[in-house]
Amino acid sequence: MELRAKVPGGPIQEKWDRHRFDLKLVNPANKRKHHVVVVGSGLAGASAAATLAELGYKVSCFCFQDSPRRAHSIAAQGGINAAKNYQNDGDSIWRLFYDTVKGGDFRAREANVYRLAQISVDIIDQCTAQGVPFAREYGGLLANRSFGGTQVSRTFYARGQTGQQLLLGAYQALARQVGLGQVTMYPRAEMLDVVVIEGKARGIVVRDLVTGAISAHVADAVVLATGGYSNVFFLSTNAKGCNVTATWRAHKRGALFANPCFTQIHPTCIPPSGHHQSKLTLMSESLRNDGRIWVPQQAGDRRPPTQIPEDERDFFLERLYPSFGNLVPRDVASRRAKEMVDSGHGVGPLANGVYLDFREAVERLGRAGIVERYENLFAMYERITGEDAFATPMRIYPAPHYTMGGLWVDYNLMTTVEGLYAIGEANFSDHGANRLGASALMQGLADGYFVLPYTIGDYLARGKLAPVGVNHTAFRDVEAQVAARVAKLLAVNGTRTVDEFHRDLGTLLWDRCGMSRTADGLSGAIERVRALRERFWREVRVVGSGEDFNQSLEKAGRVADFLEFAELMCEDALHREESCGCHFREEHQTPDGEARRDDSRFAYVAAWEYTGAGTPPALHKERLEFEYVHLAQRSYK
C-alpha cells in the first residue's frame, strides 16, 4: 500500500488556495443527488453536516447521544486559537503555524498545519456571525488570553464554556438544516461497522441503542467525526461514552491507523480521590494564565499550603522554564508535575497533586476579575473537592485528555479507504506528537466548516458510483457480522463486569504506556493486554439482551475494541525508539530530562495496516519534510 498525502505543490502560503481552485466541483443540481453519512455530531461532525447540507447534499447524521448537544465537544473549556493578532503582540498566521509545528515536536505534516493556521481567522468570523458569545474587552472588541506553548495571546474564549458555546453555534446551523429536511438526524445510534464495496466506503451499519435494532445505511461517502480514544486509560477527562469503536472498525476495513501511541496527558486536572472513580475532571489550561504552579521544597511536607512560606515553595515550571514559565506545552508541564509527585513533593490527602495558586492574581485583578474570567471553573472545582480555590490553592495533576493519533488521512482528509473521511480528533493530521491548548476546537471547526466541504466534492465529482442498496450482499454480510458479535458478547456469561476489565486495562496502560514508557514495560504490556483480552472473552458478564436498551452491552462492545486497540498502541510506542512530545521513552532523553528525538530514523508518520486477527500489523511510513520550520530541539527556556 502506497501512502499518497496528495499535498499540492507551490509555496506553502498558496497551497490551499491553489488546491481549492484545482478541485473539481459538483454543480448545485447534482449535489441534490448525493447522500453523505456523517458519524458524530460534535464540533467537527455538526459543522460538517450543516455545511454539506447548506451546499445541497442530502446528509444523514448519527450520534450515540440523545441529542447532538451532548457531544463531548461541549466539555472543552478554555478557548479556541486564531491568528487574528487583535492584541498587536506579534501574532500572525506564520507564528501560529510555527508554534503548532514546534509544539507538536516536528511530527506533523507542514502543509496541513499551515492550512489550519490560515483558516483559523475565518473560524472566529463564522462563529461570531452565529452569535457565539465570545468574551469582549471593555470597548467591545473580542478578548484574547494565552495558552501553553506560545508567547502571544491568540485564544478566543467564552469564560470556561467555550466548547459549549461553539457547539451550540454549530448545533443551531445543524438544526436549521434538519428543519429544512436536508439533514436526517439519528440520535441514540452507534456505528458498529463500515461497508466497503469495491474498495470504496458505501455506508455504515448501526445499532439503535434504545431498541437494539441493527440497520444499514447507504451513502456515496462516509465521514467519521467520532473523536478520540483517551478512555482506553479508563480514567480520563473524556465523557464516559467516548470510545475508539468507529475508527477501529474502519481500521479493520482498510483504513490505516496513524501514530496511535500519541496520547496527550493534560497537566491541569483534579487528582483522583480514590479507587471508586470512573472519570476525571479537567481544569482548563486557561487557568495557567493567572495561576502559579508549585510544590513544597521539602519532600514529604504535609503542612497546609497557607502555612508554607513563599521561600519554601518551589515554583518549578518558572524555575526550569523562565521564558514560558507556567505556560509551557502540556507534555512538558505534565512530565515535570509527575517528577515532583514521584520524588515525594506531592500535595493533598493522597499526595498525588501539585498546587495551582491564584493568590497573586487575586491581588492583581481582584476577586471580581478572577470571577469574570473563570467563575464556572472555580464553582466546579468547589463542587467536586469541597475546597474554595480563593482560600486555598487548587490541587491539580495530569490526566489522559486528547489523542493526536487517529486514522491516517491525506491532504483532502480522506483515509486509505476511498470515500471514507476522518475529521477532527478522529484523524491524526495537524498536531504531531503534542497538541497545543485551544487547538482542538480550531481543528474540528476548520475541518467541518472549511476543508471537508471542498474536498468531498472533488471525490464525488470524479467518481462514478454504482447504485447500491441495503440489500446488496456486502451490506447483508456486514449486518450479519455485527449481529454475530453482539450475540457473542451476550453468550460469554462470565462472572466479571465490563468495568473490571476496563479498569484493569486502563491501569496497565497508564503504568506502561502513559506519561513515560520503556522498552521492557511496553513489551510486558503487550503480553498482558493479550492475556487480558483472552480473559475478557472467557469471563465477562453482559446482562440483559440485545433487543432493548442495554448499557452493559454498549460498554462491552467498546471495551472489546479497546482491548484490541491497546495492543496496537503499545506496539507503536515500542517501535518508536525516540522521545517526542507526549511520547516519552525513558531511554531517550537529554541530560536535563527533555525529550530527545531521532529525526534520522523517526521523522515520519507511523501508519499501521490491519492484517487480520492474530497477525502483526504492517507498518507504512509517511516521511515528514520540514521545509519552512526547520528541525530543532524544542526549547521553552
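The values are calculated or read from the model by the stated rules, or taken from the named source; none is laboratory data. This structure is a prediction, so every number in the text was calculated from the model and none was measured. Neighbour counts run over all protein chains shown; Cβ positions are idealised from the backbone, glycine included. Just so you know, the surface numbers come from the protein's heavy atoms only, side chains and all, with ligands and any DNA or RNA stripped out. Shrake-Rupley method; radii C 1.70, N 1.55, O 1.52, S 1.80 Å.
Remark: the Arg383-Glu418 segment gains 7.8 nm on full extension, using 0.36 nm per residue and subtracting the alpha carbon distance. For the chain, the longest principal axis of the Cα atoms and the long axis of helix 110-130 meet at an angle of about 90 degrees.
Radius of gyration over Kirkwood radius for the stretch 381-526, both on Cα atoms: the Rg/Rh ratio is 1.08. For each pair in Lys338/Lys637; Lys15/Lys200; Lys488/Lys555; Lys31/Lys84; Lys84/Lys637; Lys200/Lys252, compute the distance between the two Cα atoms and list the pairs where it is over 22 Å. Over 22 Å apart, Cα to Cα: Lys15/Lys200; Lys31/Lys84; Lys84/Lys637. Compared with the dominant Cα axis of the chain, that is its longest principal axis, helix 551-575 is turned about 70°. Straight-line cross-link reach from Lys33 at under 16 Å between alpha-carbon atoms covers these aspartates and glutamates, not counting any fewer than eight positions away in the same chain: Glu54, Asp220, Asp458.
Distance between the modelled labels on Thr590 and Gln481, one decimal in nanometres: 4.7 nm (7 Å Cα→Cβ projection). For the stretch 142-218, the share of alpha carbon pairs falling in successive 10 Å distance bins from zero is 15, 24, 27, 19, 14, 0 percent. Rounded to the nearest 20, the Cβ-based charge dipole of the chain about its Cα centre (Lys and Arg +1, Asp and Glu -1) stands at 1200 debye. Pairs of Cα atoms nearer than 8 Å and 6+ residues apart set the relative contact order; for the chain it is 20 percent. If you model the stretch 473-606 as an ellipsoid using its alpha carbon gyration tensor, with each semi-axis the square root of five times an eigenvalue, the axes come out at 36, 17, 11 Å, biggest first.
The eigenvalues of the Cα gyration tensor, multiplied by 5 and square-rooted, give the stretch 413-458 an equivalent ellipsoid with semi-axes of 20, 13, 6 Å from largest to smallest. Over the Cα atoms of the stretch 1-120, the radius of gyration divided by the Kirkwood radius equals 1.02; this is the Rg/Rh ratio. A simple packing score, the average count of other Cβ atoms within 10 Å per residue, orders the peptides 277-285, 172-180, 258-266 as 258-266, 277-285, 172-180, with the highest score first.
Its residue count N fixes a reference of 2.2 N^0.38 Å for the stretch 175-253, and the Cα radius of gyration divided by that reference is 1.23. By how many degrees, between 0 and 90 and to the nearest 10, does the Cα long axis of helix 498-513 differ from the longest principal axis of the chain? Value to nearest ten degrees: 60.
Shape analysis of the stretch 218-327 based on the Cα gyration tensor places the equivalent ellipsoid semi-axes at 40, 17, 12 Å, largest first. With Cα atoms as the point set, the radius of gyration and Dmax of the stretch 269-398 evaluate to 13.9, 40 Å. Across the options Val543, Thr518, Gln481, the greatest Cα extent toward the positive end of the charge dipole of the stretch 473-606 (unit charges at beta carbon of Lys, Arg, Asp, Glu) belongs to Val543. Apply the Debye scattering formula to the stretch 65-152, with a single equal point scatterer on each alpha-carbon and no solvent, then give log10 I(q)/I(0) at q = 0.12, 0.18, 0.20 Å⁻¹. Taking Cα atoms of the stretch 65-152 as identical point scatterers yields -0.45, -0.93, -1.09. Surface composition of the chain: carbon and sulfur make up 49 percent of the accessible area, probe 1.4 Å.
The protection proxy used here, the mean number of other Cβ atoms lying within 10 Å of each residue, ranks peptides 142-150, 80-88, 37-45, 97-105 as follows, highest first: 37-45, 97-105, 142-150, 80-88.
Subtracting the Cα-Cα distance of Asp125 and Arg18 from their residue separation scaled by 0.36 nm leaves 36.3 nm.
Two numbers describe the Cα atoms of the stretch 350-452: Rg and Dmax, which are 19.5, 58 Å. Protection proxy ranking of 295-307, 405-417, by the mean of other Cβ atoms within 10 Å over each peptide's residues and highest first, is 405-417, 295-307.
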